[in-house]
1. Provide the net charge surrounding Ile32, with neighbours chosen by a C-beta distance below 14 Å and charges set as Lys +1, Arg +1, Asp -1, Glu -1.
2. In whole angstrom, and with the biggest value first, how far do the Cα coordinates of the chain range along each principal axis?
3. Do the sum for the chain: with -39,500 (n - 2.57) for every DSSP H run of n ≥ 4, divided by all residues, what is the mean residue ellipticity at 222 nm, to the nearest 500 deg cm²/dmol?
4. Calculate, in nm to one decimal, what Arg28 and Arg64 gain on full extension: separation in residues at 0.36 nm each, minus their alpha carbon distance.
5. Mind giving me the nanometre distance, one decimal, between the label points for Asp49 and Ser20, set 7 Å out from Cα along Cα→Cβ?
6. What's the longest bit of the chain with no exposed trypsin sites (Lys or Arg not before Pro), using DSSP loop states and at most 13 other Cβ atoms within 10 Å as the test?
7. Mean separation of Cα pairs under 8 Å and 6+ residues apart, divided by the residue count of the chain: what relative contact order is that in percent?
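FYI, it's all coordinate maths here, none of it is from the lab. Predicted, not measured: the structure shown is a model, and the values here were computed from it. Note that each Cβ is placed from the backbone with ideal geometry, even for glycine, and that neighbours are counted across all protein chains shown.
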Amino acid sequence: MIRGDLYRVRRPGGGDPKRSRVFVVVSRQAVIDSRFSTVICAPVMSRRDGLATQVDIGVDEGLRHESSIHCDALVSLLKSSLTDYVGRLSLERLGDLHRAIRIALDVE
């Protein structure tokens, strides 16, 4: 598992109405590789609002249709729930993700 990997999570919880949702791993690699049981992830949704905190992705990343990563909705997920690998962000999209996270968290 590395930063930028996409996984489909069954029954994501937290009031999410979907039976499954794709999430992108956004934790730093040191946390991903550690014994911590959770990582920070951003949900992927079909809704695309064009916000600076959203990153457009689609079939190139392993999805069935155009979607966006919502960096304003970061969540902590158990690593054990990230078993259904979907794909990986390209280096360009990973750069877009980093920018969107900085905007969402209001950090330089």
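1. Working: positive: Arg3, Arg28, Arg35, Lys79, Arg88; negative: Asp5, Asp33.
So the environment of Ile32 carries a net charge of +3.
2. 34, 32, 26
3. Details: 2 runs with 19 residues, N = 108.
Roughly -5000 deg cm²/dmol at 222 nm, from the helical runs in the chain.
4. On the way: separation 36, 0.36 × 36 = 12.96 nm, distance 2.70 nm.
This chain segment gains 10.3 nm when fully extended.
5. Using points 7 Å along Cα→Cβ, the separation is 2.7 nm.
6. Numbers: sites that count: Lys18, Arg19, Arg28, Arg35, Arg47, Arg64.
No qualifying site falls inside 65-108, the longest such stretch.
7. Numbers: 210 pairs, mean separation 30.9, N = 108.
With pairs under 8 Å counted, the relative contact order is 29 percent.
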